[in-house]
Amino acid sequence: MFLRTESFKEFLKFYPVVSILVGLHFFLWILIDVLQFGFAQDIERLGIGVNLFILQGEYWRLVTPIFLHAGFAHALFNSFSLVLFGPALEQMLGKVKFIIMYLFAGIIGNLGTFAVNPEAYYAHLGASGAIFGIFGVYVYMVLYRKHLIDQANSQIIMVIFILGLFMTFTRPNINVLGHLFGLIGGFAIAPAILKNARPFSIWQMRARRSSSSDEITFNPNRWNKRRLPWKKYAGYVIWAAIAILVIIAVLF
């Protein structure tokens, strides 16, 4: 579920929303921080979250910070988290519901930040609130929709959830309210968006692709043969990915 075995081409085809979001993170970073175009820096200046400006009527700042990041490390960490945990949920929900959930959680994160201290004059930006919304949906699955997620992946989610909360409260320069309210937003919208959802299955994606290519039959065993060596080491790879995620978070 969280082990990415797709090729790059398959990833783009199977998970277009996640792919676009990650591409947008780095596209904006290149324009703003690398090339330092004037118009791009104006976009950042007008798009970052500042509660006082929202209070004065600049309500678009509840949305635009979701797509902006404070440097390469920030964009890399959030994009890595999105690539690791977003694809399965995009397939389970579908593109439209995934977009609704992602934006809803991100906006709730920014709205919660604003509501607690509407006159604050400090900048906050990043996709963390929306990504914590993804965790919120998964936590809801673990508690109330156990048929959608197996025990092994439930354990992974809970470990990441606990580590995420720990880093939220211990690392400097973190929008704690954005993370917490984003998590709440994802958890709150989960009952509605998980209606009719099915467990993640890479085979369904490949079967659809095979059918669209006018193949006469689809034999899942041919993929199993290719993936067989991974079964032995899948757990190690997953936990190694989690360790890398934690190291990146601590270092940056």
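The values are calculated or read from the model by the stated rules, or taken from the named source; none is laboratory data. Remember, predicted model here, so these are calculated numbers, not experimental data. Note: ideal-geometry Cβ built from the backbone for every residue, glycine included; neighbour counts use all protein chains shown. Surface areas here come from the heavy atoms of the whole protein model, side chains and all, with no ligands, DNA or RNA. Shrake-Rupley method; radii C 1.70, N 1.55, O 1.52, S 1.80 Å.
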Karplus-derived 3J(HN,Hα) from phi for the range 63-73 (6.51 cos²θ - 1.76 cosθ + 1.60, θ = phi - 60°), whole Hz, x at Gly and Pro, runs 10, 4, x, 4, 9, 10, 9, 8, x, 5, 4
For K195, the aspartates and glutamates lying under 19 Å Cα to Cα, once residues fewer than eight places off in the same chain are dropped, come out as E90, D150
The set of residues whose placed amide H lies less than 5 Å from the amide H of L68, leaving out same-chain residues fewer than 5 positions away, is G126
Dividing the mean separation of Cα pairs under 8 Å (6+ apart) by the residue count of the range 1-120 yields a relative contact order in percent of 37 percent
Within the range 1-39, the residues whose backbone N lies under 11 Å from a label point placed 7 Å from the Cα of L165 along the Cα-to-Cβ direction are none
The ³J(HN,Hα) series, computed from each phi in the range 94-111 with the Karplus coefficients 6.51, -1.76 and 1.60 at θ = phi - 60°, rounded to the nearest Hz and given as x for glycine or proline, is x, 4, 5, 5, 5, 4, 4, 4, 5, 5, 4, 5, x, 5, 4, x, 6, 5
Counting Lys and Arg as +1 and Asp and Glu as -1 over every other residue whose Cβ sits under 15 Å from the Cβ of L46, the net charge comes to -1
Diffing the range 33-40: the Karplus 3J(HN,Hα) column from phi (6.51, -1.76, 1.60, θ = phi - 60°), in whole Hz with x for Gly and Pro, holds 9, 8, 7, 6, 5, x, 5, 5
Put Y140, Y59, Y15 in order of accessible area, largest first, probe 1.4 Å, and you get Y59, Y140, Y15
For 175-182, 123-130, 36-43, ranked highest to lowest by mean beta-carbon neighbours within 10 Å, the order is 123-130, 175-182, 36-43
The alpha-carbon center of the range 75-116 and that of the range 124-161 are separated, in whole Å, by 11 Å
